[in-house]
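Asks: To start, I am sharing the structure in question, which I have written as structure tokens.
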Amino acid sequence: HDGSNTFVDQSGTGDLYIRNTTNDRDIIFQSDDQSGGNATYMALDGSTGRVQFQKDLYILDNVTVKIGSGDDLRLVHNATNSFIENHTGDLKLIQYADDSDISFQSDNGSGGVAEYFRLDGGDQKMYASRNIQFFDNVKATFGTSADMQLYHDGSNSYIANNTGNLQFDAANDIIIDAGGGDIVFRDDSVEFARILNTSGSMTLHAV
């Protein structure tokens, strides 16, 4: 004790051990509770074999939480952005609670928060709650072998089918809006018909 503070120092050789060898008992760290009393902040629980944090754990900016023997999973905030980094194997998000969801939420553009995407454990479906935008030459693919593809290459839009037939099934009308351009029909990359958009009218032209 230096007249103001008390210290436990180990300044010689070897490690410093703080041990409780009594069966099923704890090592408890307490401090002021901000109300004139004392509170437990952390306990080494000998009966459960766990470290229990009973107050918020506050990690400062640019201090990384590292998990795994090789620092494989890392959590860090750099004062501007937050990062979840995985350096070994796959990164998996798993929800074990029955009929519960994994919800991806972000700012809604109006000062609040909105869901953008949800994995619904009750319905066993994936829901998109906001528009999904694909950039040029990024394909939405369907089928195990990406048999059908939807994409825009910066100039034209494509519905490409690589296996079986391309079928249009509808309970009502089928409406195709070409956005002022032509509608081209191809089979095995060979054009066989085209709906021409000329002067605001559409005419079918067989090749």
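The values are calculated or read from the model by the stated rules, or taken from the named source; none is laboratory data. None of these values were measured; they are calculated from a predicted model. Cβ atoms come from the backbone with ideal geometry, glycine included; neighbour counts cover every protein chain shown. Side chains are part of the model used for accessible areas, which takes the heavy atoms of the whole protein and leaves out ligands, DNA and RNA. Shrake-Rupley method; radii C 1.70, N 1.55, O 1.52, S 1.80 Å.
Asks: Accessible area of segment 1-158 with a 1.4 Å probe: how many percent of it is carbon plus sulfur?
Replies: Whole-percent figure for carbon plus sulfur exposure: 46.
Asks: A follow-up question, please. Which entry in (1) 41, 20, 13; (2) 23, 21, 17; (3) 64, 20, 19 is this structure's computed semi-axes √(5λ) of the Cα gyration tensor in Å?
Replies: Matching entry in (1) 41, 20, 13; (2) 23, 21, 17; (3) 64, 20, 19: (3).
Asks: Given Cα pairs under 8 Å that are at least 6 residues apart, what percent is the relative contact order of segment 1-61?
Replies: It comes to 21 percent, rounded to a whole number.
Asks: May I ask you to give the solvent-accessible area per residue for the chain, in square angstrom, as obtained with a 1.4 angstrom probe?
Replies: 84
Asks: With an 8 Å cut-off on Cα pairs and a minimum separation of 6 or more residues, tell me the relative contact order of the chain in percent.
Replies: 6
Asks: Taking square-rooted eigenvalues a ≥ b ≥ c of the alpha carbon gyration tensor, is segment 67-120 rounded, prolate or oblate, where a/c under 1.5 means rounded and, failing that, a/b exceeding b/c means prolate?
Replies: Taking the square roots of the gyration eigenvalues as a ≥ b ≥ c, segment 67-120 is oblate.
Asks: Across segment 96-112, in residue order, what do the Karplus-derived ³J(HN,Hα) couplings come to in whole Hz, using 6.51 cos²θ - 1.76 cosθ + 1.60 with θ = phi - 60° and x for Gly and Pro?
Replies: Using θ = phi - 60°, the values come out as 9, 5, 4, 6, 9, 10, 10, 10, 9, 10, 7, 4, 9, x, 10, x, x Hz.
Asks: Which value, in Å² rounded to 10, gives the accessible area of His205 with a 1.4 Å probe and all protein chains present?
Replies: 90
Asks: List the trypsin sites (Lys or Arg not before Pro) within segment 91-181 that DSSP assigns to loop and that have no more than 16 neighbouring Cβ atoms inside 10 Å.
Replies: Passing sites in segment 91-181 are Lys92, Arg130, Lys139.
Asks: Given the pairs Lys92/Lys139; Lys55/Lys125; Lys92/Lys125, which are separated by over 28 angstrom at their Cα positions?
Replies: In this structure, Lys55/Lys125 exceed 28 Å between Cα atoms.
Asks: Moving on. For segment 126-173, rounded, prolate or oblate, judged on the Cα gyration tensor with a ≥ b ≥ c (square roots of eigenvalues), a/c < 1.5 rounded, else prolate if a/b > b/c?
Replies: Since a/c stays below 1.5, the shape of segment 126-173 is classed as rounded.
Asks: Indicate the gyration tensor shape class of segment 28-91 (rounded, prolate or oblate), computed on the Cα atoms with a ≥ b ≥ c the square roots of the eigenvalues: a/c under 1.5 is rounded; otherwise a/b larger than b/c is prolate and the rest oblate.
Replies: Note, shape of segment 28-91 comes out oblate.
Asks: Using DSSP to define loop residues, name the chymotrypsin sites (Phe, Trp or Tyr not before Pro) in segment 76-120 whose beta-carbon has at most 11 other beta-carbon atoms within 10 Å.
Replies: Tyr96
Asks: Also: So for Leu204, Leu150, what's the accessible-area order with a 1.4 Å probe, most first?
Replies: The most accessible residue leads, giving Leu204, Leu150.
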